[in-house]
Amino acid sequence: MAVILITGGARSGKSKRAETRTRAFPGQPVYVATAEALDTEMEARIAKHRAQRGTDWIEREVPLDLVKALVASDGGGARLVDCLTLWLSNLMLAERDWEREVAELAAALPRLKSPVVLVTNEVGLGIVPDNALARSFRDAAGIMNQTIAGVADEVEFVVAGLPMRLK
């Protein structure tokens, strides 16, 4: 079993890289989407991603209960979670205990049988946000990324479509 974390900035190519890595494993891949189509622009983004991926993926929409979905889908093809930062945002907006849920994810990942490729955003490379909510999210994302990277077998950072192996 492999746990692979792929991080990078917006439009860096990390999702495309994650899809390639996930397809390299045997079996039918499972796409675990954490985004919710809450407006027409997001609906269009999701539709574009689906069209680019093709129809050979099993799709699961999981905005909150990520660990449960990974356990339920274990034993089949590799799972691609896209993305952890949207999941974190969903948790924070739902006022759930994100630290506990990240810890549960970190504990569950090494016990899973089927590979998991996780996409996350590296949000701490820019300026310090000007408001408390944005700073709180940036800090939480950094903590989450460090936690998941700590249990991952491999970590890649993608810049301009080019992956760099960190671990």
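The values are calculated or read from the model by the stated rules, or taken from the named source; none is laboratory data. These figures come from a predicted structure and were not determined experimentally. When we count neighbours, we look across all protein chains shown, and the Cβ atoms used for this are built from the backbone with ideal geometry, even at glycine.
Quick look at the numbers
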{"read-out": "Filter result for SER73 (at negative phi, in contact with a helix residue (DSSP H, G or I) (Cβ under 8 Å, 6 or more places away or on another chain) and of a type in the set (Gly, Ala, Ser))", "value": "no"}
{"read-out": "Subset of the stretch 112-132 (residues that are loosely packed, with under 10 Cβ neighbours inside 10 Å and either in a helix (DSSP H, G or I) or of a type in the set (D, E, K, R) (or both))", "value": "LYS113, ASP130, ALA132"}
{"read-out": "Residues of the stretch 83-111 satisfying the condition of being assigned to a helix (DSSP H, G or I), more than 16 Å from ASN145 (Cβ to Cβ) and among the hydrophobic types (A, V, I, L, M, F, W, C)", "value": "LEU93, ALA107, ALA108"}
{"read-out": "Selected residue (criterion: surrounded by the fewest Cβ atoms within 10 Å (Cβ to Cβ)) from residues of the stretch 133-164 that are over 18 Å from the mean Cα position of the chain (by Cα) and without any contact (Cβ under 8 Å) to a residue 60 or more places away in the chain", "value": "LEU133"}
{"read-out": "Residue that is closer than 18 Å to SER89 by Cβ and either among the acidic types (Asp, Glu) or at pLDDT below 95 (or both), where the choices are VAL128, VAL102, VAL123", "value": "VAL123"}
{"read-out": "Close pairs from the stretch 95-119: first closer than 17 Å to ILE4 by Cβ, partner part of a helix (DSSP H, G or I) and of a type in the set (Phe, Trp, Tyr), Cβ under 9 Å, at least 6 apart", "value": "LEU105/TRP87"}
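Each row is one residue, and each column tells you yes or no for (1) surrounded by 12 or more Cβ atoms within 10 Å (Cβ to Cβ); (2) aromatic (Phe, Trp, Tyr).
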{"site": "ILE4", "(1), (2)": "yes, no"}
{"site": "THR7", "(1), (2)": "yes, no"}
{"site": "VAL32", "(1), (2)": "yes, no"}
{"site": "ALA51", "(1), (2)": "no, no"}
{"site": "LEU80", "(1), (2)": "yes, no"}
{"site": "CYS83", "(1), (2)": "yes, no"}
{"site": "TRP87", "(1), (2)": "yes, yes"}
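Yes/no per residue for (1) at pLDDT 95 or above; (2) within 15 Å of the chain's Cα centre (by Cα); (3) within 26 Å of ALA107 (Cβ to Cβ); (4) of a type outside the set (A, V, I, L, M):
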| site | (1), (2), (3), (4) |
| --- | --- |
| THR22 | yes, yes, yes, yes |
| ALA44 | no, no, no, no |
| HIS49 | no, yes, no, yes |
| ASP65 | yes, yes, yes, yes |
| ALA72 | yes, no, yes, no |
| ASP82 | no, yes, yes, yes |
